[in-house]
1. So which residues in region 19-72 are in contact with a Ser or Thr (Cβ under 9 Å, 6 or more places away or on another chain) and not in a helix (DSSP H, G or I)?
2. Looking at (1) surrounded by 15 or more Cβ atoms within 10 Å (Cβ to Cβ); (2) over 15 Å from the mean Cα position of the chain (by Cα), can you tell me which one TYR54 breaks?
3. Please work out which one of (1) closer than 21 Å to LYS25 by Cα; (2) small (Gly, Ala, Ser); (3) surrounded by 17 or more Cβ atoms within 10 Å (Cβ to Cβ) is the condition ALA72 fails and give its number.
4. What residue, among those in region 1-45 that are under 30 Å from GLY75 (Cβ atoms) and aliphatic (A, V, I, L, M), is surrounded by the fewest Cβ atoms within 10 Å (Cβ to Cβ)?
5. From GLN108, GLN65, GLN48, which residue is surrounded by 12 or more Cβ atoms within 10 Å (Cβ to Cβ) and over 14 Å from the mean Cα position of the chain (by Cα)?
6. Considering only region 73-96, how many residues are part of a helix (DSSP H, G or I) and closer than 16 Å to ILE32 by Cα?
Amino acid sequence: MTFQTQSILMRFFFSIESLREKLGKKVYESGILYMKMDEYESAEMSFQRTIDLYYDTEIFNKAIQGKILALAKNGELDNAKSILLENIKGLKEEGLYIKTKADIEKIQRKLTKSLK
């Protein structure tokens with residue numbers, strides 16, 4: 001393989017990686033918009049799509065965090081806690097674990113108060 005061919009391939013792979021990052025971010029941002037509209041099921045689906053399709057991008061752990069919060073806000077606290085526990089390592093590496101756990105606890109307190 002010539003140097004020129006290697007250079008072209010490197011640019012090609014960099015372009016693909018860059019496009020995947022951008023697409024993943026767009027799908028993730030759709031989930032954020034759904035959260036702002038209190039459409040938690042749709043938000044969870046957007047975050048899950050990001051997780052499924054863009055697992056190799058920088059937005060991956062934020063999508064997991066988003067999915068956890070969408071589930072919690074939709075009243076699926078057990079599922080949210082389970083996913084939190086399954087992803088402790090990645091969330092801690094990104095500095096997202098403590099905030100996500102605190103947000104779940106806050107949501108749980110609100111739901112408990114509203115049931116009384």
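Coordinate-derived values only; no laboratory data. Computed from a prediction, not measured in an experiment: that's the story for all the values here. In this analysis, Cβ positions are derived from the backbone assuming ideal geometry, glycine residues included, and neighbour counts consider all displayed protein chains.
1. Correct list: THR57, ILE59.
2. (2)
3. Against the list (1) closer than 21 Å to LYS25 by Cα; (2) small (Gly, Ala, Ser); (3) surrounded by 17 or more Cβ atoms within 10 Å (Cβ to Cβ), ALA72 comes up short only on (1).
4. Step one: list which residues in region 1-45 are under 30 Å from GLY75 (Cβ atoms), which gives 24-45.
Checking which are aliphatic (A, V, I, L, M) leaves us with 27, 32-33, 35, 37, 43, 45.
Working: VAL27: 20, ILE32: 15, LEU33: 12, MET35: 19, MET37: 10, ALA43: 25, MET45: 17.
The residue in question is MET37.
5. Numbers: GLN65 fails: over 14 Å from the mean Cα position of the chain (by Cα); GLN48 fails: over 14 Å from the mean Cα position of the chain (by Cα).
Criteria check complete, one pass: GLN108.
6. Matching residues across region 73-96 total 1.
Every residue, every condition in (1) farther than 23 Å from ILE107 by Cα; (2) under 10 Å from the mean Cα position of the chain (by Cα); (3) of a type in the set (Asp, Glu), yes or no:
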{"position": "SER15", "(1), (2), (3)": "yes, no, no"}
{"position": "VAL27", "(1), (2), (3)": "yes, yes, no"}
{"position": "GLU39", "(1), (2), (3)": "no, no, yes"}
{"position": "SER42", "(1), (2), (3)": "no, no, no"}
{"position": "ASN74", "(1), (2), (3)": "no, no, no"}
{"position": "ALA80", "(1), (2), (3)": "no, no, no"}
{"position": "ILE83", "(1), (2), (3)": "no, no, no"}
